[in-house]
Each structure stands twice: as C-alpha cells, then as structure tokens.
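These notes are about the structure you will find just below.
The values are calculated or read from the model by the stated rules, or taken from the named source; none is laboratory data. Given the structure is predicted, the values throughout are model-derived calculations rather than measurements. All Cβ positions, even for glycine, are placed from backbone atoms using ideal geometry, and neighbour counts span all protein chains on display.
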Amino acid sequence: MSFLAINHLKKSFGPTTVVHDFNLEIEKGEFVSFLGPSGCGKTTVLRMVAGFETPTSGNIIIGGKDVVNLKPNQRNIGMVFQAYALFPNMTVAQNVAFGLKVAKKPQAEINATVQEMLSLIKLDHLAERFPYQLSGGQQQRVALARALATKPQVLLLDEPLSALDAKIRVSLREEIRAIQRKLGITTIFVTHDQEEALSISDRIVVMYEGKAEQVGAPFEIYNQPASRFVASFVGTLNTLDAVVRDAATGIITVDGKDVQIGPRLNGHKSGDRISLAVRPEAVSLGDATEKRETTLDGKINSVHFLGSVIRIRASLGENIVSFDTFNNPSAPPPEPGENVKVSLAAKDLLVLGH
Ligand SMILES: Nc1ncnc2c1ncn2[C@@H]1O[C@H](COP(=O)(O)OP(=O)(O)O)[C@@H](O)[C@H]1O
Ligand SMILES: [Mg+2]
C-alpha cells in the first residue's frame, strides 16, 4: 500500500472550486513533483496535506491514518516555502532548533540534531549568523534544515527555488534531491519549472485547472504526454497541421508530403484534419538520412546562436517549427530567409488527442 494517499480531494473557496477530485498515491521515500502553471492549485493541495487548509471533501492518508482532522503540528510534516520564512531575530542554529524546542526535546538532543542538520546542509560554519547575513541559497538550505530537524514523515517544498538565481537553483535542486535520497524521506516538490521537475523527480503530477492531468515518470510525461496541455506545457513543442490520407495504413499528409506514421491514428478516418506534436529533437536540418524520416521544404525564419546550440525557427508551408542544432565551427548556420530542407522523424510524431 502507498505511504501517502490523496483520495477525491476537493477544495472550494466560496462558489469557486480550485481543486477537483484530485487523486494520488505516493510510495515511501518517493520524490514527487507537482508541475503546473501559476494558479492551477499546487499550493492549495500542498496546504491541505500540511493541514493549513481544510478540504471541502476527500481524504488524505499518511502511514495508514486519515490526517484530515489533525492540526498541522500533529501531522509530523516538514514544509519549506518559496519566500524565506526564517525567523529574522534568530541565528541559523536557533532557527533549526525551533521545532525541537516547541516539542520540548531535551537540550542535549536539540544540540546534537542541530549539529547533524547543519552538517547535512554543509553550513556548520555559519551556525551563529542571522538570516540577513546569508545569501538566498543559504537561507533556503537553513529552511530545509529547519523543516527536517523534527524528523518529519513527509517533506513538502513549495517552489523553494523560485526566488533564487539560475545557477544556484540548479545546484540547490541537486542538493535537495541528494539529501532527500540520503534520508529516504517521502517528498512533494511544487514547481512551475518543467526542467526542474523533469530533472529531479521520481514521478511528476502535471496539474491544470485544479486537476491532475497526468501522473508519470519524467521520461513518460515528456515522451508520452496524455493530453495536448501536457504536451505543450512540458518541454518545447511544435504542432503541425496534417491530414489523414489513409487511416488504414497510417499515412498522413504534412505540407503536401506523405508521412508514414503507422498505427497511431486510432479513431481517425481518412480525410480527417489532425494536429501532430513534434518535439524539437524529432526535427533536423538537411535531407533525411534514415528511412523513417521525411524531408520537407522549409524556409528559415530566425536563427539564435546560443553557443553550443543553435536555435532555429523555420516555416514548413503553413506550419512553423522550432528546433536546435549543435554548433559546428566549420559550417556556419543558415541565414533567415534561406530555403532549406528539414527532416522529420516520423516515428517521433505524436497525434494529439484533446
Ligand atoms: N484563500 C483563498 N481564497 C480564495 N481563493 C484562493 C485562496 N487560495 C487560493 N485561491 C485560488 O485558488 C487557485 C489556486 O491557487 P494556488 O493553489 O495558490 O495555485 P498555484 O500554487 O498552482 O499557483 C487560484 O485561482 C487562487 O486564486
Ligand atoms: Mg503556489
């Protein structure tokens, strides 16, 4: 049985329902991200798990026990917020000790735990500093240590990296993941950043308008998106208009060229207009080099030289695709307006459902 189960969770504020029939099961030690645009209900679900918000209906089971009627401090949950929520008048060590003091632990145990937590986040040397003497990244590490000090059974992180600059975000997310693995603590990490969610999660819950649109491992969410929303929100996505030429044999027409896509046309009949989702990695510049690729005529719209990677936008008839090529020092990139050949890997085209 799962360690944390959220069943038919619903939350309305007055007449507005912001979380609809949300269901999720999380295994012990798992790292699950909630990924979705601002306002889709991520924080509201997290706050219900933590006990800061009461569900309109549904239940939340942690370790076999329904916690919906328990107060936040009875749930044994650690939480880290986006904004630095450290106590400004307390040192790092006092901040980390806070929950243990409230729980009236013996002083010797508090000292030992604070020491253990500070070495876990590698800030032993800053124990006597105050929050204003720390960088944003250091403050979030202290917030993490404070959340973990009481040995919670679940760790909840609500966009803990979004106030930090890009480089720190990447190193801190890896540090959070490493600490989470080391402690084996069941974790929910909220983010609106798809790269963040893809890079550190065991599983991702893609949320949209208060619902879980898809739950799956990062590889699955990215490569087999269950809906048009998931396909477009997770990763860069090109959509191409196409027409089914022969549903039985799986042939479609894209910009006047036949593309054999095989048995992915379930439910469509010849003559239907369909939308195809194409990841940038299924598109390349130049003639097709493999049998399962189709070459189309394109015209370059824009070229952005980013260093190791060159980002290209090109028109294919009515459609526009965006894709990347690697820099090649001996072959300069094409120019805007240039006519080029663009090849599509037919096996990587997704037929979009809804
Ligand atoms: N206390 C509240 N009263 C009324 N509406 C709220 C309250 N808290 C959140 N909401 C609304 O619920 C929706 C989801 O918010 P939230 O869970 O914060 O989204 P996210 O964290 O995904 O950005 C938003 O439309 C927000 O305005
Ligand atoms: Mg939020």
Restricted to region 156-165 and to residues being in contact with a Leu (Cβ under 7 Å, 6 or more places away or on another chain) and part of a strand (DSSP E or B), the residue farthest from ligand 1 (Cβ to nearest atom) is L156
Please work out which residue is nearest to C40 (Cα to Cα), limiting yourself to region 155-169 and to residues that are within 16 Å of ligand 2 (Cβ to nearest atom) and surrounded by fewer than 18 Cβ atoms within 10 Å (Cβ to Cβ).
-> S162
Check A108, A143 and return the single one that is within 21 Å of K42 (Cβ to Cβ) and aliphatic (A, V, I, L, M).
-> A143
Exactly one of I176, I188 is surrounded by 20 or more Cβ atoms within 10 Å (Cβ to Cβ) and within 16 Å of ligand 1 (Cβ to nearest atom), and that residue is I188
Assuming K257 fulfils every condition listed in (1) modelled with pLDDT of 95 or more; (2) assigned by TED's automatic domain parsing to the domain that holds A282 apart from one, which condition is it?
-> (1)
Is it true that some residue in region 96-119 is of a type in the set (F, W, Y) and more than 16 Å from ligand 2 (Cβ to nearest atom)?
-> yes
Top-ranked residue of region 14-51 - restricted to ones that are out of contact with any strand residue (DSSP E or B) (no Cβ under 7 Å at 6 or more places or on another chain) and within 24 Å of N73 (Cβ to Cβ), ranked as farthest from ligand 1 (Cβ to nearest atom) | G51
From the option list R228, R245, single residue qualifying as not assigned by TED's automatic domain parsing to the domain that holds R313 and not acidic (D, E) is R228
Considering only strands (runs of 3 or more DSSP E) wholly within region 192-260, the ones with at least 1 residues that are free of Cβ contacts under 8 Å to residues at least 12 places away in the same chain are 251-254
Of the candidates E53, E109, E27, the one satisfying the condition of being in contact with a Phe, Trp or Tyr (Cβ under 8 Å, 6 or more places away or on another chain) and of a type in the set (D, E) is E27
Which of (1) touching a helix residue (DSSP H, G or I) at 6+ places or on another chain (Cβ under 8 Å); (2) more than 13 Å from ligand 1 (Cβ to nearest atom) does T54 not meet, given it meets every other one?
-> (2)
Flag for F34 being within 16 Å of ligand 2 (Cβ to nearest atom), of a type in the set (F, W, Y) and closer than 30 Å to G235 by Cβ | yes
When residues of region 265-285 are limited to those that are surrounded by 12 or more Cβ atoms within 10 Å (Cβ to Cβ) and more than 26 Å from the chain's Cα centre (by Cα), the one farthest from Y222 (Cα to Cα) = S270
From G337, G307, G271, G298, grab the single residue that is assigned to a loop (DSSP other than H, G, I, E, B), of a type outside the set (D, E, K, R) and under 28 Å from F229 (Cα atoms).
-> G271
Please specify each residue of region 323-337 satisfying the condition of being within 14 Å of S284 (Cβ to Cβ) and of a type outside the set (D, E).
-> F323, T325, F326, N328, A331, P333, P334
Residue list for region 133-148, restricted to those being free of Cβ contacts under 8 Å to residues at least 60 places away in the same chain and either within 27 Å of A5 (Cβ to Cβ) or of a type in the set (G, A, S) (or both) = S135, G136, G137, A145
Evaluate the following for N59: is it in the same structural domain as Q138 (by TED's automatic domain parsing), more than 24 Å from the chain's Cα centre (by Cα), under 27 Å from Q138 (Cβ atoms) and more than 16 Å from ligand 2 (Cβ to nearest atom)?
-> no
